[in-house]
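**Student:** Just passing along the structure, written as structure tokens.
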Amino acid sequence: MTDDPRWPRASAWLAQEAASPRLIVLGVPAHETSISPTHADTTPAAIRQALQRYSTYAVGHDVDVVTVPVLDAGDVDRPDHVEGEARVAARIASLPARDLLIALGGDNSITHSVMTGLLPDLGEAGLITLDAHFDLRDGISNGSPVRRLIEAGLPGRRVVQIGIADFSNSAEYAARARELCITVIPRSVLRRRPIEDVMAEALDIAGAGAAGVHVDLDVDVCDRSVVPACPAAAPGGLTADELRRAAHAAGQDPRVRGIDLTEIDAQADAPDGRTVRLAALCVLEAAAGLARRSTMSGVARVDR
């Protein structure tokens, strides 16, 4: 790829190592407890590399993310199992003050460890998932983080699950979601409502009385044709554009303290790298949303 000083690359922006970052990016390459075999541990590096393909300027919003001081905090070593999850939470607690954390997974088990480190008082927190699945399974895996967070104190009434897919879940887990008072917005609703409206509703529910909200972007919520590197993605999911718009909405809202990107196996991607490229664009969309927070009131920095 040629270099053009008038066309700065997003990868160079991420490498700036700001002393007082508004955004911190952290790799959490968990994969060992995944229900399906995966090389999701290779994905954080692949996303960083994919940023070389993109600029820092969003024409539609007239925003340049170079205005957002960023720090790439590297990857957490051995983030799997209970011991690894403790390392993730401790690493997040040790990071500098910032407005937003983006965690690059890794499988969806990281939602538990990332949110625990980000918002340790789970009773005062909210969670939004964009996911084809409820993630309410028993045990410890990429299918259980929402159940585990609720058992650890997260109020079910402040959990919103967007994009839950038909024929990808069981009636028993749907009943469990109802029992836990989770708000479920299935894929069928998104066929008739703009994603921005759905995100606004979800943020109001998850953020009601909360000290902060975490947003889990499980990329298998998308249509399989656009995310072939997501083993559990099915035909009929969200479009790539809908996921990007959701990431932007999350980045723009001052109630959102963290975002994770999960369930991509970079080694299983299409030759054109479309899944990893989508994840890289979601990082940029969230950063562009964060840049737009500057025009909003009541933005508070995060000191943990």
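We did not get these values from a lab; they are worked out from the coordinates using the rules stated. Owing to the predicted nature of the structure, the values given are computational and were not obtained by experimental measurement. Glycine also receives a Cβ, built like all others from the backbone with ideal geometry; neighbour counts cover every protein chain displayed.
**Student:** Using the crude model of +1 on Lys and Arg Cβ and -1 on Asp and Glu Cβ, and no other charge, please compute the dipole size for segment 44-164 relative to its Cα centre, in debye to 20.
**Tutor:** 80
**Student:** Suppose the chain between R78 and A152 were pulled fully straight at 0.36 nm per residue; how much longer would it get relative to their current alpha carbon spacing?
**Tutor:** Full-extension gain reported as 24.4 nm.
**Student:** Right, another one. From the P(r) of the chain, could you give the percentage of C-alpha pairs in the tail past 37 Å?
**Tutor:** 6
**Student:** Over the chain, what is the percentage of antiparallel beta bridges among all DSSP beta bridges, to the nearest 5?
**Tutor:** Roughly 10 percent of the DSSP beta bridges within the chain come out antiparallel.
**Student:** Karplus couplings for segment 257-274 from phi (6.51 cos²θ - 1.76 cosθ + 1.60, θ = phi - 60°), rounded to Hz, Gly and Pro as x?
**Tutor:** Values, residue by residue: 9, x, 9, 10, 10, 9, 6, 9, 9, 4, 6, 9, 6, 5, x, 7, x, 5 Hz.
**Student:** Considering amide H positions built from the backbone, and no H for Pro or chain starts, which residues 5 or more places from C222, or on another chain, come under 5 Å of its amide H?
**Tutor:** The list, which skips near neighbours in sequence, is L238.
**Student:** Taking amide H positions as placed 1.01 Å from N in the peptide plane, with prolines and chain starts having none, which residues 5 or more places from I164, or on another chain, fall under 5 Å of its amide H?
**Tutor:** Amide H neighbours of I164: D131, I185, R187.
**Student:** Is it possible to state the helix-based mean residue ellipticity at 222 nm for the chain, with each DSSP H run of 4+ residues giving -39500 (n - 2.57), the sum divided by total residues, to the nearest 500 deg cm²/dmol? What is it?
**Tutor:** -9500 deg cm²/dmol
**Student:** Add +1 for every Lys or Arg and -1 for every Asp or Glu among the other residues with Cβ under 12 Å from the Cβ of A50, and state the total.
**Tutor:** Neighbourhood net charge equals +3.
**Student:** Which whole-Hz couplings ³J(HN,Hα) result when phi for each residue of segment 142-156 is put into the Karplus expression 6.51 cos²θ - 1.76 cosθ + 1.60, θ = phi - 60°, listed in order with x for Gly and Pro?
**Tutor:** Going residue by residue, I get 6, x, 10, x, 5, 4, 5, 5, 5, 5, 8, x, 5, x, x Hz, with x marking Gly and Pro.
**Student:** Given R₀ = 45 Å, what would the calculated FRET efficiency be for D166 paired with Q49, taking r from the Cβ atoms and rounding to 0.05?
**Tutor:** Given R0 = 45 Å and the Cβ-Cβ separation, E is 0.85.
**Student:** Excluding V88 itself, calculate the net charge of residues whose Cβ lies under 12 Å from the Cβ of V88, where each Lys or Arg counts +1 and each Asp or Glu counts -1.
**Tutor:** So the environment of V88 carries a net charge of -3.
**Student:** 5 Å is the cut-off here: which amide hydrogens, built 1.01 Å from N in the peptide plane, fall below it relative to Y54, excluding neighbours closer than 5 in sequence?
**Tutor:** For Y54, whose amide H was placed from the backbone, the distant partners under 5 Å are A10, S11.
**Student:** Another question about this same structure. By per-residue mean of other Cβ atoms within 10 Å, what is the highest-first order of 69-75, 123-129?
**Tutor:** 123-129, 69-75
**Student:** Let me ask another. Arranged from highest to lowest average of other beta-carbon atoms within 10 Å per residue, in what order do the peptides 131-140, 58-67 appear?
**Tutor:** Going from most to least packed, we get 131-140, 58-67.
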